[in-house]
Amino acid sequence: MSKGLSLWFAVSSIILMTAASISISHNILLAIGLGILTIFNIGWGFIIKARSRRS
């Protein structure tokens, strides 16, 4: 995985986690949705990393 792509996944995960933590006090359903989206984003980063190592 290139450095730019890994930086993108790191920054986007931090932004999603921050948004989820802020939204906990406002709307719990939004917080749950953002939490699930964060987990999918981190998982997708690991999938891309594994595929790039295999090639």
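Round to the nearest 0.05 the FRET efficiency obtained for residue 8 and residue 53 when R0 = 22 Å and r is the Cβ-Cβ distance. List each step's numbers first, then the result.
Working: r = 18 Å, r/R0 = 0.80.
The calculated FRET efficiency here is 0.80.
Just to confirm a number: summing +1 for Lys and Arg and -1 for Asp and Glu over residues other than residue 6 whose beta-carbon lies under 14 angstrom from that of residue 6, what do you get? It would help to have the intermediate numbers written out before the result.
Details: positive: 3, 49, 51, 53; negative: none.
Summing Lys and Arg as +1 and Asp and Glu as -1 gives +4.
Expressed as a whole percentage, what fraction of the accessible surface of the chain belongs to carbon and sulfur atoms when a 1.4 Å probe is rolled over the protein heavy atoms?
Solvent-exposed carbon and sulfur of the chain make up 75 percent of the total.
If you scale each eigenvalue of the Cα gyration tensor by 5 and take the root, what three semi-axes come out for the chain, rounded to whole angstrom and sorted largest first?
27, 11, 4
With a probe of 1.4 Å, find how much accessible area the chain has per residue, and write the answer as a whole number in Å².
Heavy-atom SASA per residue in the chain reads 77 Å².
The values are calculated or read from the model by the stated rules, or taken from the named source; none is laboratory data. Since we're looking at a predicted model, the values are computed, not measured. All Cβ positions, glycine included, derive from the backbone under ideal geometry; neighbour counts span all protein chains shown. Surface accessibility is based on the protein's heavy atoms, side chains included, excluding ligands, DNA and RNA. Shrake-Rupley method; radii C 1.70, N 1.55, O 1.52, S 1.80 Å.
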